[in-house]
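Structure record follows, encoded as structure tokens.
Every number here is computed from the coordinates shown, using simple stated rules; none is lab data. Keep in mind that this is a model prediction, so the values were computed, not measured. Here the Cβ positions follow ideal geometry from the backbone for every residue, glycine too, while neighbour counts run over all protein chains shown.
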């Protein structure tokens, strides 16, 4: 089932249940999908496009939570956190730090990345391989740790 079909199905369920936050969040994801379709890309949305769209939405929520918390607006931060949880249900399962570290170590051995000079190569390959499965900041920290 494509993301679009799942979103439309979940939208109906949220309407029937009267879950306002879930409904609002699903509508925002649906709007992003429609925006992609009308962007003139002239192609079907791939799984990679779906992950990119969802991670972007999740990242915006995380940044909002941080800003609201700094500004002392806890009620808005909680709302954003609820939306983030809903968005994360559509993303692939996130890997643990240990799993990411193990993957990056294997990748470093495979591409022979041994020093800080190889940071760009290892970071690029790691982000590409783990897209949607791990946070970029976590990957960066692990790559730095391995190359130091």
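Which of the residues belonging to region 84-94 are in contact (Cβ under 8 Å) with a residue 60 or more places away in the chain and either over 14 Å from the mean Cα position of the chain (by Cα) or assigned to a helix (DSSP H, G or I) (or both)? I'd like the intermediate steps shown before the answer.
Within region 84-94, the first condition is being in contact (Cβ under 8 Å) with a residue 60 or more places away in the chain, and the residues that meet it are 86-87, 90.
If the condition is that a residue be in contact (Cβ under 8 Å) with a residue 60 or more places away in the chain and either over 14 Å from the mean Cα position of the chain (by Cα) or assigned to a helix (DSSP H, G or I) (or both), then 86, 87 are the ones that fit.
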A careful count of residues in region 95-145 that are free of Cβ contacts under 8 Å to residues at least 24 places away in the same chain and not in a helix (DSSP H, G or I) gives 2
Matching entry among 14, 81, 57, 77 (being in contact with a helix residue (DSSP H, G or I) (Cβ under 9 Å, 6 or more places away or on another chain), surrounded by 12 or more Cβ atoms within 10 Å (Cβ to Cβ) and within 21 Å of residue 130 (Cα to Cα)):
57
